Amino acid sequence: MQTPIAPAPIEPETERLRLRQWRKSDLEPFARLNADPRVMEYFPQLLARAESDALAARIGELIARRGWGFWAAELKANGEFIGFVGLHVPSAELPFSPCVEIGWRLAFDHWGRGYATEAAEAALHVGFAELNLAEIVSFTTLGNSRSQAVMHRLGMQRDPQTFQHPAIAAGNPLHEHCLYRLGCEAWSIRQSESPFSPRP
Ligand SMILES: CC(C)(COP(=O)(O)OP(=O)(O)OC[C@H]1O[C@@H](n2cnc3c(N)ncnc32)[C@H](O)[C@@H]1OP(=O)(O)O)[C@@H](O)C(=O)NCCC(=O)NCCS
């Protein structure tokens, strides 16, 4: 699979959110959420400020290169940066590579409002309708039920097989991951069945 390049930068919007390229002003709130043990419960470690800045820079470079990626998510109502949601090509070689994943990380104060699912629906639309992907996957540690709930709400199907994440040491409780998949056809059917899709 060749990684698709969008002909022009894509910055999707939803009713409440704007998904956009990263800005310098995102770095401080991003560092705060990467240093929050509640947000980082299912990651191997909290990120120091320099690590968080480097991650934002890498993500931003990928968006600049491809036109899509893990977008910075901001509230339309007041412009507040709340985290990231979007599409990404995992850097680790995974049992199901090559693939495009959908992922999310939001500041704790913005959980429980439906923002992750709302933004992810827009990201799926980009992946399937604009980038013509055949499949989008998502994966997380077995204990991360909030992230799995987002995958489930998006209509993704859990693979019966779990896998060991190669970037996490064996013996670490975060090593074992579950995988969720969504194919373009299943996504299209869901779209046509949505009560919000236009009726003939
Ligand atoms: C994973 C994560 C993004 C999920 O956030 P979330 O708030 O649980 O998910 P959503 O934004 O889709 O919100 C859904 C919740 O909002 C509620 N909600 C409130 N208002 C809503 C609205 N207007 N529309 C839809 N849902 C709404 C839903 O009922 C649901 O509540 P529930 O959790 O009690 O069932 C968040 O927990 C997170 O950032 N975790 C840390 C990072 C992480 O683990 N990332 C994944 C690594 S693989």
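The values are calculated or read from the model by the stated rules, or taken from the named source; none is laboratory data. Note that the structure is a prediction, hence the values are computed from the model and not measured. All Cβ positions, glycine included, derive from the backbone under ideal geometry; neighbour counts span all protein chains shown. Heads up: the accessible areas ignore ligands, DNA and RNA and are worked out on the full protein's heavy atoms, side chains in. Shrake-Rupley method; radii C 1.70, N 1.55, O 1.52, S 1.80 Å.
Residues 194, 25, sorted by accessible area with the largest first, give 25, 194 [1.4 Å probe; ligands and nucleic acids excluded].
About its Cα centre, region 17-192 has a charge dipole of approximately 300 debye under the convention of +1 per Lys or Arg Cβ and -1 per Asp or Glu Cβ, with nothing else charged.
Cβ-Cβ distance of residue 92 and residue 192, R₀ of 30 Å, FRET efficiency by 1/(1 + (r/R0)^6): the value works out to about 0.30.
The fraction of Cα-Cα pairs per 10 angstrom bin, counted from 0 for region 120-200, comes to 17, 42, 28, 10, 2, 0 percent, rounded to whole percents. Extension gain for residue 78-residue 169 works out to 28.7 nm (0.36 nm per residue, less the C-alpha to C-alpha distance).
What percentage of the solvent-accessible surface of the chain, computed with a 1.4 Å probe over protein heavy atoms, is contributed by carbon and sulfur atoms? Carbon and sulfur atoms account for 52 percent of the accessible area of the chain. How much of the calculated P(r) for the chain lies past 26 Å, in percent of all Cα pairs? Of all Cα-Cα distances in the chain, 31 percent exceed 26 Å.
Using a probe of 1.4 angstrom and keeping all protein chains present, the accessible surface of region 17-192 works out to 47 square angstrom per residue.
Assuming R0 = 22 Å, what is the FRET efficiency of residue 118 and residue 58, from their Cβ-Cβ distance, to the nearest 0.05? Given R0 = 22 Å and the Cβ-Cβ separation, E is 0.30. When shorter helices are ignored and each DSSP H run of at least 4 residues is given -39500 (n - 2.57), the per-residue value for the chain at 222 nm works out to -8500 deg cm²/dmol.
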